[in-house]
Amino acid sequence: RVDQLGGRQMKPEEKARAQSLGSNLQGWPGNTYLGQFIDRPTSVDLSNRVMFFDTQGLDKAPQLADVGFTILANLIWQRVQREPDRRKVILFDEMWSVLKYPTAAELVVDLARRARAYGVSLGICTNSLKEISDEVMAGLKDNINFHFLFPLPKETHAVQQLTDLPDSALDHYRKLEY
């Protein structure tokens, strides 16, 4: 039913997009499945010494992933910027599963680039480097100081891409047993 945009008559493609957005957002407010996720006060206490976020269920509701990671990014940055002189640790485990979501990938790269200024040590654990996009890999590569690499026989190319290991060092890496 929207006919105007910015005081002018809507074009047909704008009206179609507005109708699509309205349909997509219809289930988000109030006491609905999606509304219960975002349309309520947060239960996260940013003063807690340790916080843990489990993102495992987001793949069961893909429409929640971007929203969930946007909320998570906001909570993390609120905590990071609070007490900038206090040291903090952020650890992402099973990173390959998180980086398949563009919003989460942006968060991780942004933290890698800027979090040190707030006293943050960022740890990233993954058993699948090759599932990390080239764009994300470049953002991480330029901002990670230490790499602890364990044998990943099918991922030597990804290891070399991340670390810029010379071929001679890569030969030693290939021979690692543990």
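Provide, for q = 0.08, 0.11, 0.15, 0.19 Å⁻¹, the log10 of I(q)/I(0) from a solvent-free Debye sum over equal Cα point scatterers in the chain. Taken in order of the listed q values, log10 I(q)/I(0) reads -0.38, -0.65, -0.98, -1.25. Restricting the calculation to Cα atoms, segment 47-127 shows an Rg/Rh of 0.95 when the hydrodynamic-style radius is the Kirkwood one.
The slack in the chain from MET51 to ARG174, taken as 0.36 nm per residue of separation less the alpha-carbon distance, amounts to 40.6 nm.
Among the trypsin sites (Lys or Arg not before Pro) in segment 79-151, those located in a DSSP loop and surrounded by at most 11 other Cβ atoms within 10 Å of their own Cβ are ARG86, ARG87. With θ taken as phi - 60° and the Karplus curve 6.51 cos²θ - 1.76 cosθ + 1.60 applied, the whole-hertz 3J(HN,Hα) list for segment 126-143 is 7, 10, 8, 5, 5, 8, 8, 5, 4, 5, 5, 4, 5, x, 6, 4, 6, 10 Hz, x standing for glycine and proline. Estimated from the Cβ-Cβ distance and a Förster radius of 35 angstrom, the FRET efficiency linking ASP3 and THR42 is about 0.45. Evaluating 6.51 cos²θ - 1.76 cosθ + 1.60 at θ = phi - 60° for every residue in segment 169-176, the Karplus couplings come out as 5, 5, 4, 5, 4, 4, 8, 4 Hz, glycine and proline recorded as x.
Residues whose amide H falls under 5 Å from that of ILE124, counting only those 5 or more places apart or on a different chain, are PHE92, with hydrogens built in the peptide plane. Between helix 102-114 and the chain there is an angle of about 60 degrees, using the helix long axis and the longest principal axis of the Cα atoms. Once the Cα atoms are used to define both axes, helix 12-25 deviates from the longest principal axis of the chain by about 70 degrees. The HN-Hα couplings worked out from phi for segment 72-79 by the Karplus form 6.51 cos²θ - 1.76 cosθ + 1.60 (θ = phi - 60°) are 4, 4, 4, 5, 4, 5, 4, 5 Hz, whole numbers, x standing for Gly and Pro.
Accessible surface area normalised per residue over segment 45-150 is 64 Å², counting heavy atoms of protein chains with a 1.4 Å rolling probe.
Of the solvent-accessible surface of the chain, computed with a 1.4 Å probe over protein heavy atoms with every protein chain present, carbon and sulfur atoms account for 52 percent. Cross-link partners for LYS141 among the lysines, with Cα-Cα distance under 27 Å and sequence neighbours closer than 8 places in the same chain left out: LYS88, LYS100, LYS130, LYS154, LYS175.
The values are calculated or read from the model by the stated rules, or taken from the named source; none is laboratory data. Predicted model only: the values in this text are computed from it and were never measured. Glycine also receives a Cβ, built like all others from the backbone with ideal geometry; neighbour counts cover every protein chain displayed. To get the accessible areas, we keep the full protein, side chains included, count just its heavy atoms, and leave off ligands, DNA and RNA. Shrake-Rupley method; radii C 1.70, N 1.55, O 1.52, S 1.80 Å.
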